[in-house]
Amino acid sequence: MNRFTILATMVLAGTAARLIPHPPDFSPIASLALFGGATFARKRAAFLVPLAAMFLSDLVLGFSSITPVVYGSFALITCLGFWVRRRPTVWRLAGASVAGAVLFFVLTNFGMWGLGDWYPRTFSGLAECYLAAIPFFRNTLWSDLFFSAVLFGGLRLVEKRWRWLAESTPATA
């Protein structure tokens, strides 16, 4: 077993959490994207693993009109992971988790307004869309912080237990 296998297993386990009942918008996927960006050395794997995991779970849960926006927001959150990887600290990780939650909120609700049929395509319709989404943002923010702590903290514990898994650079994939 190598570092990549352990990281990929953590990502798939986190994705499985998306398939079990959970509160609305309390999902590990944004944290998986951040984790992928921060831990996989190859950028292709950093994007591919969390997006493939999302795609597999969407095969079960279904797709929506804003699926491309959702996937795009996760790709951007992966890029935040590249920023975390340069100098990983708790504060940088917490900041990236908050930034990812805000990015997801802004992009997906804009997508819901622009691509969905729920709101008129006016400024007041856009404002209504964002206002209606505010109660869900709390769960998004808490889940991003929680799952990031679980993923990054879990990796740290595994690396302490099995020192050969710890690398000075992110895992190769």
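Could you give the size of the charge dipole of the chain about its Cα centre, using +1 on the Cβ of each K and R and -1 on the Cβ of each D and E, expressed in debye and rounded to the nearest 20?
Result for the chain is approximately 860 debye, rounded to the nearest 20.
Normalise the Cα radius of gyration of the stretch 26-90 by 2.2 N^0.38 Å (N = residues in it) and let me know the number.
Output field value: 1.11.
With an 8 Å Cα cut-off and a minimum separation of 6 or more residues, compute the relative contact order for the stretch 3-165 in percent.
29
What are the ³J(HN,Hα) values, in whole Hz, obtained from phi via the Karplus relation 6.51 cos²θ - 1.76 cosθ + 1.60 with θ = phi - 60°, for each residue of the stretch 126-135 in sequence order, with x given for Gly and Pro?
5, 4, 4, 4, 5, 5, 5, 8, 4, x
If you take the charge dipole of the stretch 3-165 about its Cα centre, with +1 on Lys and Arg Cβ and -1 on Asp and Glu Cβ, which of F147, L115, T67 is farthest toward its positive end?
F147
Just how far, in whole angstrom, is the stretch 89-115 from the stretch 1-80 if you go by their alpha carbon centroids?
The two parts, judged by their Cα centres, are 14 Å apart.
How big is the charge dipole of the stretch 39-110 about its Cα centre, in debye rounded to the nearest 20, if each Lys and Arg gets +1 on its Cβ and each Asp and Glu gets -1 on its Cβ?
The calculated dipole for the stretch 39-110 is roughly 480 debye.
Once you put a point 7 Å from the Cα of E159 and another 7 Å from the Cα of N2, both along the Cβ direction, what distance in nm separates them?
Spacing of the two 7 Å Cα→Cβ label points: 1.8 nm.
Length gain on complete extension for the stretch A149 to S65, per 0.36 nm per residue less the alpha carbon to alpha carbon distance?
The A149-S65 span can extend by a further 27.2 nm.
With Kirkwood's inverse mean 1/r over C-alpha pairs for Rh, give me the Rg to Rh ratio of the stretch 1-156, two decimals please.
Taking Rg over the Kirkwood Rh, I get 0.98.
At what distance in nm do the modelled label points of W83 and W142 sit from each other, each positioned 7 Å from its Cα along Cα→Cβ?
It is 2.5 nm.
When the helix-only estimate is applied to the chain (DSSP H runs of n ≥ 4, each -39,500 (n - 2.57), divided by the residue count), what is the mean residue ellipticity at 222 nm, nearest 500 deg cm²/dmol? Mind dumping the intermediate values first?
Numbers: 6 runs with 132 residues, N = 173.
Here the helix-only value at 222 nm equals -26500 deg cm²/dmol.
What residue among D117, D25, D144 shows peak mean-square fluctuation when the chain is described by a Gaussian network model with Cα springs under 10 Å?
Largest GNM mean-square fluctuation: D117.
As an exercise, identify the chymotrypsin sites (Phe, Trp or Tyr not before Pro) in the stretch 61-145 lying in DSSP coil whose Cβ has no more than 14 other Cβ atoms within 10 Å.
Answer by residue number: F63, W118.
No lab work stands behind these numbers, since they all come straight from the coordinates. Quantities reported herein were computed from a predicted structural model and do not represent experimental measurements. All Cβ positions, even for glycine, are placed from backbone atoms using ideal geometry, and neighbour counts span all protein chains on display.
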